[in-house]
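Colleague: Submitted below is the structure of interest, expressed as structure tokens.
The values are calculated or read from the model by the stated rules, or taken from the named source; none is laboratory data. Everything numeric in this text was worked out from a predicted model, so none of it was measured. Cβ sites come from the backbone with ideal geometry, for glycine too, and all protein chains shown count toward neighbours. Side chains are part of the model used for accessible areas, which takes the heavy atoms of the whole protein and leaves out ligands, DNA and RNA. Shrake-Rupley method; radii C 1.70, N 1.55, O 1.52, S 1.80 Å.
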Amino acid sequence: MPESNLAPYSEVLVDLQSLHAFVVAIWQAAGSEAREAQLVADHLVAANLAGHDSHGVGMIPRYMHACREGELKLNGHAELVRDAGAVLTLDGGHSFGQVVAYETIERGIARTKELGICALGLRNAHHIGRIGHWAEQCAQAGLVSFHFVNVAGDPLVAPFGGIDRRFGTNPFCAAFPRPGRPPLVLDFATSAIAAGKVRVAFNKGVETPAGALIDYDGTPTRDPGALFSECQHGALLAFGGAVAGHKGSGLAAMCEIFAGALTGGFTSHAETLVTTHAIVNGMFSVIVNPHAFDAPARDQQADAFVDWLKASRLEAGVDEILLPGEREDATRRVRGASGIPVDKESWAQILDAARAAGMSDAAIRPFLPR
Ligand SMILES: NC(=O)c1ccc[n+]([C@@H]2O[C@H](COP(=O)([O-])OP(=O)(O)OC[C@H]3O[C@@H](n4cnc5c(N)ncnc54)[C@H](O)[C@@H]3O)[C@@H](O)[C@H]2O)c1
């Protein structure tokens with residue numbers, strides 16, 4: 001097949017196993033050991049499966065650029081810098097976030113099982129992706145967790161009342177495991193929408209929702225080019241809009257301080273701006289064993305609240321009140337059956353990244369959707 005025929009689709013629908021195998025093959029071709037390629041594929045494909053295409057396989061081209069620039073280090077591990085019992089400091093060494101965050105949370109889970117609680121400071125990780133993935137790792141172990149993350153040195157969001165970029169899309173996440181049911185997982189960027197969603201809109205050539213972006217002069221715009229065109233001078237707004245933007249902006253600021261300063265990492269300011277393709281995340285996580293509390297009616301109380309919440313009368317046009325995590329669960333069911341849609345531009349960029357990793361067209365062909 002000639003090279004030009006490798007991406008002739010407006011949207012490709014890829015089945016889960018092929019997509020996962022393709023991601024593993026790309027990173028192994030780039031030089032990742034098998035476990036690393038596996039963890040990266042697990043994370044990216046799970047993000048697409050949950051409906052968060054902004055943090056799925058569409059990140060591969062940027063990771064590949066960062067890798068080629070030497071800003072994303074392959075085959076590194078989370079280094080334990082300080083062990084203070086219930087407080088652990090780890091350094092990601094600019095290695096794959098999908099590996100170092102996994103290892104950090106793994107340590108935190110073990111320590112929480114021992115002590116009932118563990119606070120983790122992970123610094124200098126390359127992009128740790130969808131934060132819900134790490135909360136789900138804790139929930140699978142039966143543990144509650146919450147996570148504050150900064151995107152160090154990559155300000156895209158204007159503070160409430162300002163029009164200049166001052167902090168990243170700094171996500172916050174909290175999760176509560178429930179016996180026999182999916183955990184509650186609240187996981188969002190503190191910007192009105194995640195930067196990756198602006199990237200997806202830019203690649204698709206569609207507008208972003210109103211209230212998410214401003215141009216350089218502070219004028220509201222729906223053009224994703226305000227963030228991703230050659231002259232990237234606009235900014236995202238914090239969530240909450242004109243009425244409650246101070247809340248989104250305030251939470252983003254606390255993410256910056258907890259994840260960038262408290263962990264021993266770095267915050268965004270004039271001296272730390274990242275000018276490469278690298279995305280550097282810090283994460284402050286607290287993991288708690290719910291069984292350490294004296295709360296024999298915990299699950300009944302949680303269930304009673306959920307039933308009460310869901311029994312509210314509905315706004316016109318709304319079918320159901322969703323709990324944190326339910327939208328992702330529903331998307332997993334649909335995409336698990338039908339496959340993962342990837343827009344044409346992102347798919348073409350992924351194929352280019354595969355070639356940049358050293359895969360020939362013949363090696364890529366088995367992974368192309370039929
Ligand atoms: N690593 C990074 O640097 C970084 C930076 C920013 C964002 N992110 C990730 O980007 C992803 C996307 O963030 P986002 O802000 O676009 O998320 P979003 O706006 O889709 O919000 C997601 C959260 O809202 C809940 N939700 C969605 N619709 C709902 C409804 N109708 N009713 C009730 N709850 C609902 C979801 O269950 C989920 O908890 C997140 O996974 C986040 O961790 C990562």
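Colleague: Using alpha-carbon pairs under 8 Å, 6+ residues apart, how would you state the relative contact order of segment 217-370 in percent?
Modeller: Values: 57 pairs, mean separation 12.2, N = 154.
Over segment 217-370, the number comes to 8 percent.
Colleague: Which value at 222 nm does the chain reach when only helices count, each DSSP H run of 4 or more adding -39,500 (n - 2.57), with the total divided by all residues and rounded to the nearest 500 deg cm²/dmol? Don't skip to the end; give the middle numbers.
Modeller: On the way: 12 runs with 141 residues, N = 370.
Value at 222 nm, helices only: -12000 deg cm²/dmol.
Colleague: Taking amide hydrogens as modeled 1.01 Å from N in the peptide plane, which residues meet the under 5 Å criterion relative to Asn124, leaving out close sequence neighbours?
Modeller: So Asn124 has HN proximity to Gly92, Phe266.
Colleague: Another question, then. Rolling a 1.4 angstrom probe over the protein heavy atoms, how many square angstrom per residue are accessible across the chain?
Modeller: On a per-residue basis, the chain sits at 46 Å².
Colleague: Cross-chain or 8 or more residues apart, Cα under 30 Å: how many lysine pairs in the chain fit that? Count them up, please.
Modeller: 7
Colleague: Follow-up. Using a 1.4 Å probe on the protein heavy atoms, what percent of the accessible area of the chain belongs to carbon and sulfur?
Modeller: The value for the chain is 56 percent carbon and sulfur by accessible area.
Colleague: Which percent, to the nearest 5, of DSSP beta bridges fully inside the chain are antiparallel? Before the final figure, lay out the partial values.
Modeller: Details: 42 of 50 bridges.
Just about 85 percent of them are antiparallel.
Colleague: Tell me, what ³J(HN,Hα) does each residue in segment 150-157 have, in order and in whole Hz, if you take phi through Karplus 6.51 cos²θ - 1.76 cosθ + 1.60 with θ = phi - 60° and put x for Gly and Pro?
Modeller: 10, 9, 5, x, 10, x, 10, 10
Colleague: Can I ask one more? Can you work out ³J(HN,Hα) from phi for every residue in segment 171-178, in order, using Karplus 6.51 cos²θ - 1.76 cosθ + 1.60 and θ = phi - 60°, giving whole Hz and x for Gly and Pro?
Modeller: Once rounded to whole Hz, the list reads x, 10, 8, 9, 9, 10, x, 10.
Colleague: Quick one: check the C-alpha center-to-center distance for segment 177-197 versus segment 271-334, whole angstrom.
Modeller: 5 Å
Colleague: OK, next. Roughly how many nanometres apart are two label points built 7 Å out from the Cα toward the Cβ at Gln140 and Glu11?
Modeller: With each label point 7 Å from Cα toward Cβ, the separation is 2.9 nm.
Colleague: Taking H as built 1.01 Å from N, whose amide H comes closer than 5 Å to the amide H of Val14, not counting residues under 5 places away?
Modeller: Amide H neighbours of Val14, under 5 Å, 5+ apart: Ile340, Val342.
Colleague: Within segment 14-74, which GluC sites (Glu not before Pro) sit in a loop by DSSP and count at most 11 neighbouring Cβ atoms inside 10 Å?
Modeller: Within segment 14-74, the qualifying GluC sites (Glu not before Pro) (loop, at most 11 other Cβ atoms within 10 Å) are Glu69.
Colleague: Once you mark the chymotrypsin sites (Phe, Trp or Tyr not before Pro) that are in a DSSP loop and have at most 16 other Cβ atoms within 10 Å, what is the longest gap between them in the chain?
Modeller: It runs 10-215.
Colleague: Over the Cα atoms of segment 1-123, compute the convex hull volume and normalise it per residue, giving Å³.
Modeller: Working: hull volume 15.9 nm³, N = 123.
Hull volume over Cα atoms, normalised by residue count, gives 129 Å³.
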